[in-house]
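Taking it in order: structure first as structure tokens, then the write-up.
No lab work stands behind these numbers, since they all come straight from the coordinates. Remember, predicted model here, so these are calculated numbers, not experimental data. Backbone-built Cβ (ideal geometry, glycine too); neighbour counts: all protein chains shown.
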């Protein structure tokens, strides 16, 4: 077994909690994230064969089974503290304009609804539960694993540092962090971004690579910002723009039904078939798909990450990257329709003068 120590530092607040829904540093989410990026590291080598991937994953990360083939994990993870989060009063956030909402909405609330909620008294954003882990909080992370697995696991750790986030609403950039060697005995993280042509990636229904096209990696970067609230406001504007370019229509021929409240006011549409924006993520407020119901969940494969700025670590940049994959079979995905939607999203991001395309 080899031991490696890193300093994990959050660049944005993290909604990372325990069973009592209180913010707390914990190792299980870190191990789960390592597991996700390890899959990306080895997927291509295994020919994207899920059975082979599960077999190798069980041998390294362990598995619990009823058939007698349970295995203990060969990876040990430790934090030097399990402190509770100290961010208890959410800073007042600026608002952003949403073309489908009559009043301006808090930028943090738009990206963090769930862990964050609207406070009627202050007319601003507030934490739903007791606290969050504040930006700038750090801990020493120790990992021990077999020497033979060092190359793939260190590559996965590099991908975590470049693209990983932890906790609730982490795909929107919350819980972004950096990993740095904590001592002279731990080598600096090195690796390369695992990419695959984004249309080929739509052949699989699980995230296994970052997307690429003829111009390279499907990743974009914002300008540098002095602090995370300003940057998260910019990311909120970008997400609103790329989503609302897809408008909804009432298509009676497709089985769409207008919904009304008790006052007879229009409050949404129950769609007979999914429209373009539904393929980005689901559910969508006031726009359900009858065949999917209200309990179905489709995660957005476009993700946000906040990093220290390349030329000035005191500033921050936002990174938007695409990990394309097909929705699960339960959504009866239409691959051509989904590809058309993502092609339009890529074009929107490419044409945005506030973003720059970044190399792998």
| Quick one: helix 228-244 against the long Cα principal axis of the chain, what's the angle to the nearest 10°, folded into 0 to 90? | 50
| field | For the stretch 29-68: rounded, prolate or oblate by the Cα gyration tensor [a/c cutoff 1.5] | value | oblate
| query | Can you give me the Cα centroid spacing of the stretch 88-135 and the stretch 314-360 in angstrom? | reply | 25
| query | What angle, in degrees between 0 and 90 and rounded to the nearest 10, separates the Cα long axis of helix 335-351 from the longest principal axis of the Cα atoms of the chain? | reply | 80
| task | Just need the Rg to Rh number for the chain, please, alpha carbons only, Kirkwood Rh. | result | 0.97
| GNM top mover of 166, 302, 87 - the chain, alpha-carbon springs below 10 Å | 87
| Add -39500 (n - 2.57) for each DSSP H run of 4 or more in the chain, then divide by its residues: what number comes out at 222 nm, to the nearest 500 deg cm²/dmol? | -7500 deg cm²/dmol
| task | With springs only between Cα atoms under 10 Å apart, run a GNM on the chain and tell me which of 211, 191, 17 wobbles the most. | result | 191
| field | log₁₀ of I(q)/I(0) at q = 0.09, 0.12, 0.16 Å⁻¹ - the stretch 167-321, Debye sum with one point per alpha carbon | value | -0.43, -0.71, -1.08
| task | Would you mind ranking 160, 1 by Cβ crowding within 10 Å, fewest neighbours first? | result | 1, 160
| Per 5 Å bin, what percent of the C-alpha pairs of the stretch 229-360 does each bin hold, from zero upward? | 2, 8, 17, 19, 17, 13, 10, 7, 4, 2, 1, 0
| task | Just check the stretch 146-227 against the gyration tensor rule for me: Cα atoms, a ≥ b ≥ c as the square roots of the eigenvalues, rounded for a/c under 1.5, and otherwise prolate or oblate depending on whether a/b exceeds b/c. | result | oblate
| Under a GNM of the chain (C-alpha, springs under 10 Å), which listed residue has the highest mean-square fluctuation: 286, 273, 98? | 286
| query | Using the count of nearby Cβ atoms within 10 Å as a rough guide to exposure, how do 118, 163 rank from fewest to most? | reply | 118, 163
| Per principal axis, descending, Cα span of the stretch 64-121 in whole Å | 58, 30, 19
| said: What's the ranking of 227-236, 212-221, 71-80, 260-269 by average number of surrounding C-beta atoms within 10 Å, highest first? | reply: 227-236, 212-221, 71-80, 260-269
| How far is helix 50-61 tilted off the main Cα axis of the chain, in degrees rounded to 10, range 0 to 90? | 50
| task | Would you mind giving the average projected area, over all directions, of the Cα convex hull of the stretch 1-155 in nm² with one decimal? | result | 13.0
| request: Just order 334-341, 347-354, 316-323 by mean Cβ neighbour count inside 10 Å, highest at the front, would you? | output: 316-323, 334-341, 347-354
